[in-house]
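Read the structure below first, then the notes.
The values are calculated or read from the model by the stated rules, or taken from the named source; none is laboratory data. Just so it is clear, the model here is predicted, and its values are computed rather than measured. Here the Cβ positions follow ideal geometry from the backbone for every residue, glycine too, while neighbour counts run over all protein chains shown.
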Amino acid sequence: MAKPIRATPTLKGNEAISFIRDILKEQKRPSKVRIKLISEASKIKFNYH
């Protein structure tokens with residue numbers, strides 16, 4: 001039987017600001033590794049029944 005999923009902790013203060021800055025930076029200039037991962041994942045065909 002699977003373990004229950006724990007809640008994600010809420011970011012506050014400097015951690016939240018840092019997280020938002022990282023997300024905005026990634027949106028402007030995505031890393032080559034992330035682009036490669038997304039392109040490889042999009043090639044996989046998932047069959048849902």
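Here are some notes:
- Taken over the range 34-49, the criterion of being part of a helix (DSSP H, G or I) and modelled with pLDDT under 90 is satisfied by Arg34, Ile35, Leu37, Ile38, Ser39, Glu40, Ala41, Ser42, Lys43.
- Check on Pro9, surrounded by 10 or more Cβ atoms within 10 Å (Cβ to Cβ) and in a loop (DSSP other than H, G, I, E, B): no
- Where a residue in the range 13-29 is surrounded by 11 or more Cβ atoms within 10 Å (Cβ to Cβ) and its partner, wherever it lies, is at pLDDT below 90 and of a type in the set (D, E, K, R), with Cβ under 9 Å and at least six apart: Glu26/Arg34
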